[in-house]
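Reading through the structure tokens given below for one structure.
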Amino acid sequence: MWKLDLSRLILWRRPVTIDDGWLVSFPKSGRTWMRVVLADLGIEIPVTHDGSDYKNPVHFAELLPCGESYRMKKVIFLVRDPRDVVVSYYFELTRRQKVYAGEIGDFIKDPRYGLERIIYFNMAWFRQSVCSDFLLLTYESIHETPQRVFEVATKFLGYRRSARLLKKAVDNASFAALQKLELSGALSGKFGKALLPGDVDDPESYKVRRGMVRGYTSYLTPEQVDWCNLAIKKSGYHKSLINALSCYGIDSQRG
């Protein structure tokens, strides 16, 4: 029977560090998944939430994303459906960080943490003009064509990996494998204590929680989904995302 070989994952090669780049995302957008695959490909890149996380609980309009510190840097910006992000972030702040005590219906509307904060932050980055090189990736595209996405990402960072290595790294980072790595402590050993479960007996407290597309439908009421959909529509989010992908998405990359 095949068994997960934790010793061969993540630490199997000496990594190169990207000194002139950043992986930027709003919390719970899939960054852990991407870091693990890149690390298994021997590439490490600095990561940041650019002031969007719970440690900066200001009204979303007070955020200052995409500043001058990114000028002349290579940036991979990772986004995920804001409805999935807000649900996952709710569990992050209630089951892991324990800095929020309200119900999910209140959380999604909270300007310090909720959906409008995600929209505002992402759209500011969609309009970015400071980075020397900018690659916009979506969590959903990683689900659909992971090997292609990581092929583009590694080339963007200045490295090439064979199809065999790409496939192996993607297969190693299945969600079942990542959850076992988190439970074993291997993730925290590589990336820090933040990648430990909040409660090993509570699946909703894991850093690697469900990893689903459109999983929000299992947690939000129809009325809450309608509120989210209206907020997204009013903001022009989808049009902004489509425009940004046409300029900075994987299909815009050459070479």
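The values are calculated or read from the model by the stated rules, or taken from the named source; none is laboratory data. Worth saying up front: this structure is predicted, and the values here are computed from it rather than measured. In this analysis, Cβ positions are derived from the backbone assuming ideal geometry, glycine residues included, and neighbour counts consider all displayed protein chains.
Taking first residues from region 64-93 that are within 19 Å of LEU23 (Cβ to Cβ) and partners that are small (Gly, Ala, Ser) and in a helix (DSSP H, G or I), the Cβ contacts under 7 Å between residues at least 6 apart in sequence or on separate chains come to PRO65/ALA124; CYS66/ALA124; ILE76/ALA153; ASP84/GLY215.
Screening ALA153, ALA101, ALA169, ALA176 for residues that are farther than 14 Å from PHE26 by Cβ, among the hydrophobic types (A, V, I, L, M, F, W, C) and in a loop (DSSP other than H, G, I, E, B) leaves exactly one candidate, ALA101.
Condition check for VAL85 on (1) part of a loop (DSSP other than H, G, I, E, B); (2) within 18 Å of HIS238 (Cα to Cα): one failure, at (1). Within region 234-255, no residue that is farther than 22 Å from ARG148 by Cβ and modelled with pLDDT under 95 sits with its Cβ atom under 6 Å from a residue that is polar (S, T, N, Q) and surrounded by 11 or more Cβ atoms within 10 Å (Cβ to Cβ) at 6+ positions apart or across chains. In region 64-113, of all residues being under 18 Å from SER218 (Cβ atoms) and among the acidic types (Asp, Glu), the one that is surrounded by the fewest Cβ atoms within 10 Å (Cβ to Cβ) corresponds to GLU103. If you go through region 22-43 and pick out every residue that is part of a strand (DSSP E or B) and more than 13 Å from the chain's Cα centre (by Cα), you end up with 1. Taken over region 104-119, the residue count meeting the criterion of being more than 16 Å from the chain's Cα centre (by Cα) and in a helix (DSSP H, G or I) is 5.
So, of the residues in region 114-145 that are touching a residue at least 12 places away in the same chain (Cβ under 8 Å) and acidic (Asp, Glu), which turns out to be surrounded by the fewest Cβ atoms within 10 Å (Cβ to Cβ)? Top of the filtered list is GLU140. Of the residues PHE91, PHE60, PHE134, the single one that is hydrophobic (A, V, I, L, M, F, W, C), more than 14 Å from the chain's Cα centre (by Cα) and over 17 Å from ARG31 (Cα atoms) is PHE60.
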